[in-house]
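Following: one structure in structure tokens, then a few remarks.
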Amino acid sequence: MKLTLPDNSIRELPEGSSGYDLAKDIGAGLAKAAVAIEIDGEQKDLHDPINSDCCISIITIDSDKGLEIMRHTLTAQVLARALKNIYSKSFLAIGPTIDNGFYYDVEVDEGISVDDLQKIEDEMHRIIKTNSSITKKLKSKKDALKIFKSLKEPYKVEIINESDQKDDFQLYYQDDEKFIDLCRGPHLPSLSFIGSFKLTKVSGAYWKGDSENKMLTRIYGTAWNNEKELDKYLSDIEEAQKRDHRQLGKEMNLFHFQDEAPGMVFWHPYGWTIYRQLQNFMRQKLEDSGYLEINTPLVVDRKLWEASGHWDKYRENMFITEIDEEHANEKRVNALKPMNCPCHVQVYNQGIKSYKDLPIKFAEFGSCHRYEPSGTMHGLMRVRGFTQDDGHIFCTEDQIESETGKFIELLSGVYADLGFKDFDIKLSTRPETRVGSDDVWDRAESSLEAAIKNLGYPYKIDEGDGAFYGPKLDFVLTDAIGRDWQCGTFQLDFNLPERLNAEYVGEDGNKNNPVMIHRAVLGSFERFIGILIENYAGKLPFWLAPQQVVIASIISDVNDYSIEIMDLLKKEGIRAEADLRNEKISYKVREHSSKKVPIILAIGNNEKNDRTVSIRRIGSNNNNVLKLDDAIKEITKENSV
RNA sequence: GCUCAUAUAGCUCAGCGGUAGAGCACUUGCUUGGUAAGUAAGAGGUCACCGGUUCAAGUCCGGUUAUGAGCUCCA
């Protein structure tokens with residue numbers, strides 16, 4: 001048979017030869033490094049027989065694919081076996097690879113904590129030292145079921161039972177055959193290929209990802225080809241943690257949280273400065289894009305939430321208030337708004353709207369409260385009280401595509417200004433339960449898609465993840481440790497205008513419901529500021545930095561000159577402070593640098609006598625001496641987006 | 001909400017049954033020093049909260065609250 005290699009060369013081998021035979025035929029070095037093969041794009045075990053002509057490539061241990069197979073074998077063959085050895089009453093579930101590593105889900109009676117990881121690792125090392133080869137046997141469904149029933153592995157039995165596959169279930173064995181794993185493979189041909197690894201954390205995870213199911217114990221690990229790569233990964237993680245906005249928020253004195261208001265931010269002066277800068281920036285952008293800013297009540301009677309449908313569908317996430325009966329004239333139940341949309345419809349509904357008025361775009365820096373489950377809160381990224389750069393576009397169906405385009409342009413401009421060149425776009429399409437006809441959904445989804453395509457942005461489709469009331473686009477940014485956060489959003493809504501009687505008079509004189517589009521660029525100020533801090537590791541762009549310039553005196557004789565500089569900068573709208581403390585300049589430089597102040601002006605006798613400043617920028621050890629007037633001009637010029 | 005872990009000075013952490021500790025920060029002296037920590041002294045704590053075990057509890061046990069890592073959720 002003819003085997004076509006990736007370089008298009010062809011090798012002839014007898015039928016039934018394996019990838020290993022091919023590798024040997026090419027060279028001994030390759031045979032030594034080969035761990036699996038890929039036939040017509042599908043990964044197979046190295047020793048699987050090949051029975052016909054095909055395109056084939058050999059996966060070596062030092063390739064990315066080889067590394068992933070190694071991680072897979074490490075979790076499914078080694079970690080799983082170690083767990084069975086240590087916890088005799090455990091049941092294995094699944095063990096896939098993930099970015100940089102792997103995990104294994106297992107049910108155990110006794111809890112496993114991080115303190116137990118060392119002994120599990122030790123057992124893994126012991127297993128790896130056997131250098132066992134790994135062989136595969138194909139079993140029928142019946143036999144596979146029998147084997148895993150006798151091994152008392154209920155999760156494996158469930159997997160086999162639920163599989164459509166009839167035959168050829170792949171069972172992997174190590175030399176002593178005392179451990180059997182059901183797996184779609186491929187696996188390493190031998191444990192000798194395992195590199196360096198470390199078990200990193202333990203957590204709970206629901207079986208099949210369903211919170212109705214039992215919670216299993218999940219053990220995470222990371223694995224690399226050698227010790228050096230493992231160490232690099234671990235130190236990269238440590239570096240990334242230094243960018244954590246919660247840590248930087250403390251160091252830079254931006255905000256805090258406390259027990260009495262979980263998930264609600266106490267903004268400190270410096271943090272609130274960032275917030276205000278961002279808000280002013282956004283306000284200008286919205287105004288430039290034709291939005292009219294409004295403001296609506298925080299506390300609203302339940303009647304409105306009943307009308308909007310939130311009372312039914314969203315109540316468990318709402319903060320509900322009652323007025324103290326003793327003092328109230330009437331007993332009303334109110335809720336803090338979790339969203340601004342119903343209130344925006346109320347503003348829209350004042351007066352009669354004509355088709356000529358559309359689109360109408362309202363914007364609000366809307367303060368919302370949502371009772372988020374306790375386990376989901378995370379610094380500024382996921383909070384219970386937050387402010388959206390919210391807006392609603394009331395338009396006709398025909399206007400959807402052009403409004404989508406305008407929005408993406410607005411968003412990408414804002415993101416670029418804030419330093420985000422890369423963001424992911426996700427298009428969520430119709431879910432199973434929904435309102436509106438398929439016809440309307442067809443048009444809505446294709447308008448959204450057409451608008452992204454026209455602008456040339458890559459996007460991903462998330463089938464069935466749309467809201468019941470319409471499809472949506474989500475704009476996702478990534479935090480310091482690689483977690484994704486939805487920031488911008490653009491959601492079509494065919495439902496709410498009808499529910500809340502939003503109407504316009506059409507050309508024909510009849511009343512119609514407009515389409516409503518819920519949209520946000522930043523998403524929430526809280527989350528976005530968290531992302532900004534992490535993205536810049538605290539070193540915010542000059543215009544956003546809470547302290548922009550610190551004037552640090554070297555000796556007290558120059559205090560008057562330092563104050564003069566501060567006042568001149570302040571007159572230009574620069575956030576300048578003077579540090580006149582009786583401390584050494586190196587001490588002051590250290591302190592202000594660690595607080596990420598963009599510019600430090602060191603002032604001594606030389607500067608005072610020559611009316612100059614010595615300017616030092618964050619991230620640089622250079623200091624340039626500039627004429628005071630020039631320095632002020634330069635700094636002032638920098639103070640814009 | 002679920003699993004596991006954590007909670008000691010403003011911050012970072014040590015202490016793990018027997019009189020509450022360190023470094024930094026803070027206050028006060030001395031020091032006026034040229035670009036990432038000058039120096040000495042002082043002050044600072046109801047060891048998250050509630051309960052239990054014990055002659056004795058930051059320390060062991062249970063509960064509550066909050067936080068962290070995941071999981072689920074985020075219309």
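The values are calculated or read from the model by the stated rules, or taken from the named source; none is laboratory data. Here the structure is a predicted model, which means the values were calculated and not measured. Virtual Cβ from ideal backbone geometry, glycine too; neighbours counted across all protein chains shown. For the accessible areas, the whole protein counts, side chains as well, though only heavy atoms, and no ligand, DNA or RNA atoms are used. Shrake-Rupley method; radii C 1.70, N 1.55, O 1.52, S 1.80 Å.
Laid out as a table, the results:
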| read-out | value |
| --- | --- |
| A:Asn85-A:Lys24 FRET efficiency (beta carbon distance; Förster radius 30 Å; 0.05 resolution) | 0.30 |
| Simple spin-label estimate for A:Glu260 and A:Val347 in nanometres, 7 Å along Cα-Cβ | 3.2 nm |
| Prolate/oblate/rounded call for the range A:214-266, Cα gyration tensor, a/c under 1.5 rounded | oblate |
| Cα centroid separation, the range A:199-257 to the range A:287-353 (Å) | 38 Å |
| Most to least accessible of A:Lys24, A:Lys137, A:Lys250 (protein chains only, probe 1.4 Å) | A:Lys250, A:Lys24, A:Lys137 |
| Inter-centroid distance (Cα atoms) of the range A:23-66 relative to the range A:131-163, Å | 26 Å |
| Whether chain A is rounded, prolate or oblate, judged on the alpha carbon gyration tensor where a/c under 1.5 counts as rounded | oblate |
| For the range A:516-522, Karplus couplings with θ = phi - 60° (6.51, -1.76, 1.60), whole Hz, Gly/Pro x | 10, 10, 8, 8, 9, 9, 7 |
| Between the range A:501-541 and the range A:582-641, the Cα center-to-center distance that results, in Å | 40 Å |
| Listed residues A:Val299, A:Val505, A:Val521 arranged by accessible area, highest first, probe 1.4 Å | A:Val299, A:Val505, A:Val521 |
| Spin-label model distance (nm) - A:Ala307 vs A:Ala416, 7 Å beyond Cα toward Cβ | 4.2 nm |
| Hz values of 3J(HN,Hα) by residue in the range A:496-510 - Karplus curve (6.51, -1.76, 1.60), Gly and Pro given as x | 4, x, 5, 4, 9, 6, 7, 9, 9, 8, x, 3, 7, x, 8 |
| For the range A:90-95, Karplus couplings with θ = phi - 60° (6.51, -1.76, 1.60), whole Hz, Gly/Pro x | 10, 10, 7, 10, 10, x |
| In the range A:282-382, the GluC sites (Glu not before Pro) that fall in loop regions by DSSP, at most 16 other Cβ within 10 Å | A:Glu325, A:Glu326, A:Glu330 |
| Sequence of A:Trp267, A:Trp543 from largest to smallest accessible area, 1.4 Å probe | A:Trp267, A:Trp543 |
| Surface accessible to a 1.4 Å probe, A:Tyr355 within the full protein complex, Å² | 80 Å² |
| Restricting the range A:469-538 to GluC sites (Glu not before Pro) in coil, as DSSP defines it, with at most 15 other Cβ within 10 Å | A:Glu507 |
| Net charge over other residues, Cβ less than 14 angstrom from the Cβ of A:Lys214 (K, R count +1; D, E count -1) | -4 |
| Solvent-accessible heavy-atom area per residue, rounded to whole Å², over chain A at 1.4 Å | 49 Å² |
| Carbon plus sulfur fraction of accessible area for chain A, probe 1.4 Å, in percent | 46 percent |
| Three-way shape call for the range A:315-437 based on the alpha-carbon gyration tensor, with the a/c threshold at 1.5 | oblate |
| Approximate spin-label separation A:Glu227-A:Asp508, in nm, with each point projected 7 Å along Cα-to-Cβ | 8.0 nm |
| Computed over chain A: relative contact order in percent, which uses C-alpha pairs under 8 Å that are six or more apart | 9 percent |
| Nearest-0.05 FRET efficiency for A:Asn8 and A:Asn454, computed from C-beta distance (R0 51 Å) | 0.85 |
| FRET efficiency, 1/(1 + (r/R0)^6) with R0 22 Å, evaluated for A:Asp40 and A:Lys65 via beta carbons | 0.90 |
| Extension gain, A:Asp168 back to A:Gln241 (0.36 nm per residue minus Cα-Cα distance, nm) | 21.7 nm |
